[in-house]
Amino acid sequence: KSDGMCAFLVERGSAGFSAKPIENKMGLPTSDTATIYLEKCEVPKENLLGPRGKGLSVAYSALMSGRLSVAAGCVGVMQDCLDEAVRYSGVRVQHGKPIGKHQLVQRHIGIISTNLEAARWLVLRAAYLKEKYEENPKDGQSRDAADLEIAKAKYFAANASFDAANRAVQVFGANGYSLENRPARHLLDTRVTKIYEGTDEILEQKIALGVLGKAVEAYS
């Protein structure tokens, strides 16, 4: 069934293609970001991606992969936040003992660790369901199941990674406010994970739709 759209690969250097770099970002300083402009841009038919009339399906497939990739990256960030918080709490001494012996510091580390495991298993399950869907891409039920679990994984991992970075900064205390320490950089970098590849609000709607059923409409 046609969705009425086509996806094309637009190569850099094509007539009508231009890009304007976005500078002074809050985080991700080593990742190039730009606004892309297409003005009367024409590409050859050989640049068609996927079947004719299946452009929306191609876009959704890319979005699923993107969301899963973001979620997996967030798990990595959380692991580093945990490792850094544990390391620092063992070497930073206050009142004659390592701060890791203080219960409020232990609380932050315990929460990061628990959320990390939850996020990791959500991502692994989402990846498994996506792999099963790719084995039979015409199975709409399999696609919907993978799409929903990926949305859950991305939503939870993004929020948990931002929280983990914030807690790691708190463990570091005043030193956590310095960009010389990784938790501070993670805090800036993870903020965008709640925005790109589907905002928190969009994913909340999508997850709710998966629970309420097809009778309720929501953006994905």
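Tabulated data
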read-out: Count of region 13-35 residues which are under 26 Å from the mean Cα position of the chain (by Cα), without any contact (Cβ under 8 Å) to a residue 60 or more places away in the chain and surrounded by fewer than 11 Cβ atoms within 10 Å (Cβ to Cβ); value: 9
read-out: All positions within region 36-72 that are crowded, with 18+ Cβ neighbours inside 10 Å and either touching a helix residue (DSSP H, G or I) at 6+ places or on another chain (Cβ under 8 Å) or in a helix (DSSP H, G or I) (or both); value: Gly55, Ser57, Val58, Ser61, Met64, Arg67, Leu68, Val70, Ala71, Ala72
read-out: Qualifying residue in region 202-216 (condition: closer than 30 Å to Ile99 by Cβ and either of a type outside the set (Ser, Thr, Tyr) or outside the structural domain of Cys81 (by TED's automatic domain parsing) (or both)); value: no
read-out: Matching option when the condition is in contact with an Asp or Glu (Cβ under 9 Å, 6 or more places away or on another chain) and of a type in the set (Lys, Arg), among Lys101, Lys54; value: Lys54
read-out: Residues that are among the basic types (Lys, Arg) and under 19 Å from the mean Cα position of the chain (by Cα), drawn from region 129-139; value: Lys130
read-out: Within region 94-139, tally of residues that are outside any helix (DSSP H, G or I) and polar (S, T, N, Q); value: 2
read-out: Search result, residues across region 1-12 that are in contact with a helix residue (DSSP H, G or I) (Cβ under 9 Å, 6 or more places away or on another chain) and surrounded by 10 or more Cβ atoms within 10 Å (Cβ to Cβ); value: Asp3, Met5, Cys6, Ala7, Phe8, Leu9, Val10, Glu11
read-out: All helices (runs of 4 or more DSSP H) inside region 140-220 with 2 or more residues being under 17 Å from Gly27 (Cα atoms), touching a residue at least 24 places away in the same chain (Cβ under 8 Å) and more than 16 Å from the chain's Cα centre (by Cα); value: 182-190
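Rundown of residues vs (1) of a type in the set (Lys, Arg); (2) closer than 29 Å to Cys6 by Cα, yes/no style:
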position: Ser61; (1), (2): no, yes
position: Ser65; (1), (2): no, yes
position: Glu84; (1), (2): no, no
position: Arg87; (1), (2): yes, no
position: Ile111; (1), (2): no, no
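For (1) more than 20 Å from Leu68 (Cα to Cα); (2) of a type in the set (D, E, K, R); (3) touching a helix residue (DSSP H, G or I) at 6+ places or on another chain (Cβ under 7 Å); (4) surrounded by fewer than 19 Cβ atoms within 10 Å (Cβ to Cβ), each residue gets a yes or a no:
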| position | (1), (2), (3), (4) |
| --- | --- |
| Ala164 | no, no, yes, no |
| Val169 | yes, no, yes, no |
| Leu188 | yes, no, no, yes |
| Ile195 | no, no, no, yes |
| Thr199 | no, no, no, yes |
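The values are calculated or read from the model by the stated rules, or taken from the named source; none is laboratory data. Here the structure is a predicted model, which means the values were calculated and not measured. All Cβ positions, even for glycine, are placed from backbone atoms using ideal geometry, and neighbour counts span all protein chains on display.
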